[in-house]
1. Please build a GNM for the chain, connecting alpha carbons under 10 Å apart, and tell me which residue among 274, 89, 71 fluctuates the most.
2. Decide, for the stretch 144-290, between rounded, prolate and oblate: order the square roots of the alpha carbon gyration tensor eigenvalues as a ≥ b ≥ c, take rounded if a/c falls under 1.5, and otherwise choose prolate if a/b is larger than b/c, else oblate.
3. Placing +1 at every Lys and Arg Cβ and -1 at every Asp and Glu Cβ, with all other atoms neutral, what dipole size does the chain have around its Cα centre, in debye to the nearest 20?
4. Strictly over 28 Å apart at the Cα level, which of 77/277; 83/277; 27/157 would you flag in this model?
5. Translational diffusion coefficient of the stretch 26-78 at 37 °C, 0.692 mPa s, Stokes-Einstein with Kirkwood Rh over Cα pairs, in µm²/s as a whole number.
6. Over all pairs of distinct alpha carbons, what does the Kirkwood formula give as the hydrodynamic radius of the chain, in Å?
7. Does the stretch 140-199 classify as rounded, prolate or oblate by the C-alpha gyration tensor (a ≥ b ≥ c root eigenvalues; a/c under 1.5 gives rounded; else a/b over b/c gives prolate, otherwise oblate)?
8. List the trypsin sites (Lys or Arg not before Pro) within the stretch 1-101 that DSSP assigns to loop and that have no more than 15 neighbouring Cβ atoms inside 10 Å.
Amino acid sequence: MKTKSENTSATRQVAIKTTYATLKILKEAGGQLSSREVINRMREEVQFTEWERGTYEKTNYVRWESILSFYSIGLSKSGFIRKQKGIWYITPEGEEALKLSPEELLNKANRLYREWSATNTDTGSGEDVDTSSAPKETIDQLEAQAKEGIKEFILQKNPYEFQDLVAALLHAMGYYTPFVAPRGPDGGVDIVAYKDPLGTETPRIKVQVKHRPNTNVPVTDIKNLVGSLNKDGDIGLFVTSGSFTSESDKFARTSHIHVKLIDLNQLIELWQEYYPKFTDEEKNLLPLHPIYFLGSNE
């Protein structure tokens, strides 16, 4: 059995390698992953000792995962990552920090966290903390698990069910959807959405929907959608159950015609945001059950 000082030293070693690995994994993944995906990749890529792979007696929670969860607070408050609804994003400051050694990176994160903590209300110092009493699951982990469950539910839908999901979201956002493509060729447009029943007000939205899990939508698909925007006031919306290539993102940002890209993570966030505005029938397409936790005033 390790003494408290030995535990503290061992905890720091876990913090050093997991915080560095977190930024490295996020960067290699294109900048963002769910916290669960970060942990899954770390489990495959990082070597842990038997003690690190062990569990806490009080919580039965894996030791290195608990330590990472705690120190990720420091990564967030130092500005190296950004957390949003279970998704972790590496920041430019985080990418720059990867030029440091793993130990230097942790030291800098701890210093920046202490500076943040000096002017904000929070708990913990972010350094050399005994995490044996860490909770089994943090809010971030619960959000990540919830999002994974929602993703799995969506990915099991067929392409036409996914298309109906997008149409329902647009309706909840206040748009009329007089055209939702039937089965068969769609001519490049799956949904047409208007701000008014007659479609006389701009913008008029032409939507391309692709149910392509684990696939990056190429820029050619985005260009094809833009090519179908042939009326003044037309804008494009491309929704996918996968993600987009960097070329697709760049083309959408610089296009002379407005085109918005929505990936699976953004679709889920919008569904959660507008959920109270869905009809009961629409809610059944992707039913959610909100649970409220005590937050802070920050």
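1. Among 274, 89, 71, the largest GNM mean-square fluctuation belongs to 274.
2. Numbers: a/c = 1.71, a/b = 1.21, b/c = 1.42.
Note, shape of the stretch 144-290 comes out oblate.
3. I would put it at about 280 debye.
4. Values: 77/277 34 Å; 83/277 26 Å; 27/157 30 Å.
From the list (77/277; 83/277; 27/157), the Cα-Cα distance tops 28 Å for 77/277; 27/157.
5. 269 µm²/s
6. Details: mean 1/r = 0.0464 Å⁻¹.
This gives a value of 21.6 Å.
7. oblate
8. 2, 58, 85, 99
Read-outs throughout are calculated quantities, based only on the coordinates presented, and are distinct from any laboratory measurement. Computed from a predicted model, the values in this text were never measured in an experiment. Virtual Cβ from ideal backbone geometry, glycine too; neighbours counted across all protein chains shown.
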